[in-house]
Every structure is written in C-alpha cells, then in structure tokens.
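Enquirer: Have a look at this one.
The values are calculated or read from the model by the stated rules, or taken from the named source; none is laboratory data. This structure is a prediction, so every number in the text was calculated from the model and none was measured. Positions of Cβ are backbone-derived with ideal geometry, glycine not excepted, and every protein chain shown enters the neighbour counts.
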Ligand code: SF4
C-alpha cells in the first residue's frame, strides 16, 4: 500500500457536454470520452492511493457511453460514487444512479430565464425544460432512494447574481429535496472561463450583497455554502484525472496514468503541498 491517502479521485470522464456555458472550465470538445482502458487504470490507481470515492465529472459525464459499465465496475471494487451533472439526462439512468451513488451534484444557476442565460444548450431544449427537468430528476432520485444526497450547485457571476435570491425563494417555497446548496463565486480557470472572464467576474461586494438577500428561514433549514473566489486553493482543489490519464491538482501535472507507473505518480504526489487542500475541500463539500 502507498503511504498517501486521498479520499476522492475526480475523473474527467468526458470533455463533451450538451451545454456550452461561457463560464465553463470543464467542457471542451477536443477532450473526448475517457476510454475503458484508461478508466480501469484509474480504478487501479485509486485503490493504490487508498481512495474510497470516485467522482464522475466533465463535461457531462452521462454522455460517455461507458457510464453504466463504469458504475458497475467501480461498485464491484467497493468504491463510493459521486456524480456531477447538469441533470438533464439523469432520467435515463435513474435506477442505476439511485442504487449506486452517495451524492449527486446538480447544477442550476437561477430560475428559468437566469439559468438559460448562464447555461445555453447546444441542442434543442426549452428554457423551461432546462430548469424543470433537473428538478424533476432530483425529486425522482430522492423518491427512489431517500438516502441519496443531493448537492445543488450554482455559479454566481455578474450575469446572474441579482437573480439568485429569487431562486432561493423558489428553493424554499418548493422545498427542493436538497441536502446542501453550494454557491460558487465565478473563478477564471481553464477553457472558456478564461475567455469570458470580464463578462462573468463578480466583485466580492456583489457576492456578499447576494448572500445577504438569502431568506433566513431557508438558511436555518438548509445548509448553504457560499464559496468565494478568494479561498485558498479554490481553483482545482481536487485530484483530477483527465480523460487521457493525466493527473492534475491545481493546474500542476503529477504524471499520467498508463504512461507513468502508479509508484512514480505517487512519489510525485507525496511531496505536494496541496494534498491538505484537496482533502479539506472534499470534506467540506460532501459532509452532511
Ligand atoms: S459548466 Fe457544466 S453544464 Fe456548462 S458547459 Fe461546462 S460542463 Fe457543461
């Protein structure tokens, strides 16, 4: 066994997405789906670093045709599973997800109009469906498995921050079955988030103003975490394995699964000063 312990391995399971959010730092069509070969090597690596959890992210991980098989392969090895999704395609895999996942992170950035403004779709889908489908799917998941935990994820930017308090009213009034709501102040990271930084950057004073408009009754009942962009290690504070096996933490590359041996990668990771961030980040996000 290795001497490092990282509880969660984030898999960049695909670069593809059905959305084209301008603030995105994950979607990139030049990064294809992770292959089965790389995926199996990732599971070996995760076991070697004593990880207990695999988190599927992207892009939209449900677009990788390997998804169902990948879930079964990971569960057969005893991993807990987390999914980050825009929620549109959850209905296609409802039973599988309800039975096998601990946490589902579903992204919505406001009510119908604000959400559609922040999250333009590539294919034909109405603004109403963009908003209501993820909500219907989260309710269906909770009905199938009341123990599954739902994280509502919202990006607050200059484009939608003033709409978020109305969304908070909705979340409260409709009693969305969420265990936690995490609101991320926009950060510039990779891909389009760099190109559109000027349009989306949200000054701290406006982020605070938005926070202060949250209904106190909602805050008493639901755990809402506001993640400001000035938190130490906020950008990429997880161990992410890219579709090609490359391992990154906070933009630093530690090796490539399938190219370097797991021992070489672990040796590189051992001395990384950021290991404490990533552990802390996962604990804060997914503890309930
Ligand atoms: S932010 Fe999420 S939903 Fe939007 S394009 Fe990126 S991966 Fe897709």
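Enquirer: Can you pull out every residue in region 244-253 that is under 20 Å from residue 37 (Cβ atoms) and either in contact with a helix residue (DSSP H, G or I) (Cβ under 8 Å, 6 or more places away or on another chain) or in contact (Cβ under 8 Å) with a residue 60 or more places away in the chain (or both)?
Expert: 244, 245, 247
Enquirer: Could you check region 240-253 and list, in sequence order, the residues that are over 18 Å from the mean Cα position of the chain (by Cα) and crowded, with 21+ Cβ neighbours inside 10 Å?
Expert: The one that is over 18 Å from the mean Cα position of the chain (by Cα) and crowded, with 21+ Cβ neighbours inside 10 Å: 245.
Enquirer: Could you list, in sequence order, all residues of region 126-159 that are within 23 Å of residue 213 (Cα to Cα) and out of contact with any strand residue (DSSP E or B) (no Cβ under 9 Å at 6 or more places or on another chain)?
Expert: Those that are within 23 Å of residue 213 (Cα to Cα) and out of contact with any strand residue (DSSP E or B) (no Cβ under 9 Å at 6 or more places or on another chain): 131, 158, 159.
Enquirer: Which one of these does residue 4 not meet: (1) surrounded by fewer than 22 Cβ atoms within 10 Å (Cβ to Cβ); (2) over 15 Å from residue 245 (Cβ atoms); (3) without any contact (Cβ under 8 Å) to a residue 60 or more places away in the chain?
Expert: (3)
Conditions tested, residue by residue: (1) in contact with a strand residue (DSSP E or B) (Cβ under 8 Å, 6 or more places away or on another chain); (2) within 16 Å of the ligand (Cβ to nearest atom); (3) closer than 30 Å to residue 116 by Cα.
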{"position": "11", "(1), (2), (3)": "yes, yes, yes"}
{"position": "16", "(1), (2), (3)": "no, yes, yes"}
{"position": "33", "(1), (2), (3)": "no, yes, yes"}
{"position": "36", "(1), (2), (3)": "no, no, no"}
{"position": "40", "(1), (2), (3)": "no, no, no"}
{"position": "50", "(1), (2), (3)": "no, no, no"}
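Enquirer: Scan the helices (runs of 4 or more DSSP H) fully inside region 127-223 and keep the ones with 2 or more residues being touching a residue at least 60 places away in the same chain (Cβ under 8 Å) and more than 29 Å from residue 99 (Cβ to Cβ).
Expert: 192-195, 197-200
Enquirer: Would it be correct to say that residue 97 is within 16 Å of the ligand (Cβ to nearest atom), within 30 Å of residue 52 (Cβ to Cβ) and either at pLDDT 95 or above or not in a loop (DSSP other than H, G, I, E, B) (or both)?
Expert: No, not satisfied.
Enquirer: Being surrounded by fewer than 22 Cβ atoms within 10 Å (Cβ to Cβ) and under 20 Å from the mean Cα position of the chain (by Cα) is true for just one of 149, 144. Which residue is that?
Expert: 149
Enquirer: Restricting attention to region 25-43, and to residues there that are crowded, with 20+ Cβ neighbours inside 10 Å and part of a loop (DSSP other than H, G, I, E, B), which single residue is modelled with the lowest pLDDT?
Expert: Within region 25-43, the match that is modelled with the lowest pLDDT is 27.
Enquirer: Test each condition in (1) under 23 Å from residue 262 (Cα atoms); (2) surrounded by fewer than 21 Cβ atoms within 10 Å (Cβ to Cβ); (3) away from the ligand (no atom under 14 Å from the Cβ) for residue 54 and report the one that comes out false.
Expert: It fails just one condition, (2).
Enquirer: Kindly indicate the residue of region 224-239 that is surrounded by 14 or more Cβ atoms within 10 Å (Cβ to Cβ) and assigned to a strand (DSSP E or B) and also modelled with the lowest pLDDT among those meeting that condition.
Expert: The extreme case among them is 227.
Enquirer: Consider region 113-124. How many of its residues are surrounded by fewer than 16 Cβ atoms within 10 Å (Cβ to Cβ) and free of Cβ contacts under 8 Å to residues at least 40 places away in the same chain?
Expert: Count: 1.
Enquirer: Collect the residues in region 73-91 that are surrounded by fewer than 20 Cβ atoms within 10 Å (Cβ to Cβ) and within 16 Å of the ligand (Cβ to nearest atom), keeping them in residue-number order.
Expert: Within region 73-91, just 89 meets the criteria.
Enquirer: Could you check, for region 44-53, whether at least one of its residues is at pLDDT below 95 and on the phi > 0 side of the Ramachandran plot?
Expert: Yes, region 44-53 contains a residue that is at pLDDT below 95 and on the phi > 0 side of the Ramachandran plot.
Enquirer: Considering 110, 105, which residue is more than 25 Å from residue 31 (Cα to Cα), within 16 Å of the ligand (Cβ to nearest atom) and at pLDDT 95 or above?
Expert: 110
Enquirer: For residue 7, which of the numbered conditions (1) more than 16 Å from the ligand (Cβ to nearest atom); (2) modelled with pLDDT of 95 or more fails to hold?
Expert: Checking residue 7 against (1) more than 16 Å from the ligand (Cβ to nearest atom); (2) modelled with pLDDT of 95 or more, the one that fails is (2).
Enquirer: Among the residues of region 57-72 satisfying the criterion of being more than 11 Å from the ligand (Cβ to nearest atom) and outside any helix (DSSP H, G or I), which is nearest to the chain's Cα centre (by Cα)?
Expert: Among them, the one singled out is 64.
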